[in-house]
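Taking it in order: structure first as C-alpha cells, then the write-up.
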Amino acid sequence: MNAILDLDDPKSICSALYSLIDTASVWDVLLADVREKHYIFNELSATEESVTTPMVHHLRADAECIIRSEYASLAVYHACRPLDRSTYATRGIIRTSEVLLRELTRKTFSDTSNVEDVFVPVCKKYLEWYDGTIGLFLTAYEYTSWHKRPCFLGKMADALDARDSKFLNDYLTRSIPTIVKCRLPIDWVDSKMRDPSIGHYASSTLQRMILMRATSRDPTNDLGALGLKADIPPEMIIEFLDPPNE
C-alpha cells in the first residue's frame, strides 16, 4: 500500500471515501446544510467533545477507518521563504527552536539596537505555539501570507519597529516564497503530532469532498494545519511549489 491522500488532488480521494457521502439519505442532508447554515459542515472541524450531530461522529469515524486502510501516507504543505531551496533537499525541514530563531535574528537584525531585549519576549511567545514543531497545512492553497513574510522575522520586525530594516528587506528580496509538499506516514500522524491529527485530516477530507460536490467555489481553502513534533527528512519532501498568486 503506497497510496498518498492529497487534499489538493481530487483523484487521490478513493471511491470508498466518496461512498460515505453519496447515499441519498446522507447527501441530501449535507447538501441542504452547505447551502444554508453550514452547521454540520462546521461541526466536522469541531473537537470530538463539542460535536452534537450523530452524523458527524459517524462520518468522521468511518472516514478515519478508510484512510487508515487505503493510504500509506498523507500529503501536507509547509510555507516558507528560504534563501536556497536546496537546503531543504539536503537537510529536510527542521523543527522550530530557540537556537534557530536566535540565529535568524542575528543574521537579519544585527544592525538594530535592543535586539536581545526584544528577542526574549517575542521568542517566548512564538515558542508557546511552535516550540519543537513544524507547522504544516493540509493544502497548498490556504489563505495565508506566511510565505510572503517570514512569520517569526515579521514579528521581530514589528516589535523592533524595524519593518524597513536593511537586513530584513535584503532577506525578503533574496528569499524564495515556497510551499514544500511533503508526505507523512500514517503512523507519524498518530505518534508525532502536537495534537491527535488523523481525525482532523479525516474531517478536512470530508469537507473537501462536500465542497467539490456542492459548490462552485474553490474547495482548497481553510482546511487547517497540523503541528509535527519531528524533523522531516529530505526523502519525505515530494516537491517545491510556487505559492498561488505570487
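Of the helices (runs of 4 or more DSSP H) lying entirely inside the stretch 75-144, the ones with 3 or more residues being buried (at least 18 other Cβ atoms within 10 Å of the Cβ) are found at 98-108, 115-130. Are any residues in the stretch 40-64 touching a residue at least 60 places away in the same chain (Cβ under 8 Å), among the charged types (D, E, K, R) and closer than 14 Å to ILE210 by Cα, and if so, which ones? The answer is ARG60, and nothing else. Among the residues of the stretch 51-73, those identified as at pLDDT 95 or above, of a type in the set (A, V, I, L, M, F, W, C) and touching a Ser or Thr at 6+ places or on another chain (Cβ under 9 Å) are LEU59, ALA63, ILE66, ILE67.
Which condition does SER97 not pass, out of (1) over 19 Å from the mean Cα position of the chain (by Cα); (2) at pLDDT below 90; (3) of a type outside the set (Val, Ile, Thr), if it passes all the others? Failing condition for SER97: (1).
Whenever a residue of the stretch 21-39 is free of Cβ contacts under 8 Å to residues at least 60 places away in the same chain, its partners that are outside any helix (DSSP H, G or I), lying with C-beta atoms within less than 9 angstrom and at least six residues away or across chains, give the pairs TYR39/THR53. Of all residues in the stretch 1-20, which are in contact (Cβ under 8 Å) with a residue 40 or more places away in the chain and part of a helix (DSSP H, G or I)? PRO10, SER12, ALA16, LEU17, TYR18, LEU20, listed by residue number. Applying a threshold of 8 Å to beta carbon distances and a minimum spacing of six or more residues, or different chains, the list of pairs starting in the stretch 187-203 at a residue that is closer than 10 Å to LYS229 by Cβ and ending at one that is part of a loop (DSSP other than H, G, I, E, B) and of a type outside the set (S, T, N, Q) reads TRP188/ALA230; LYS192/LYS229; LYS192/ALA230; MET193/LYS229; ARG194/LYS229.
The values are calculated or read from the model by the stated rules, or taken from the named source; none is laboratory data. What you are looking at is a predicted structure, and each value in this text was computed from that prediction instead of being measured. Note that each Cβ is placed from the backbone with ideal geometry, even for glycine, and that neighbours are counted across all protein chains shown.
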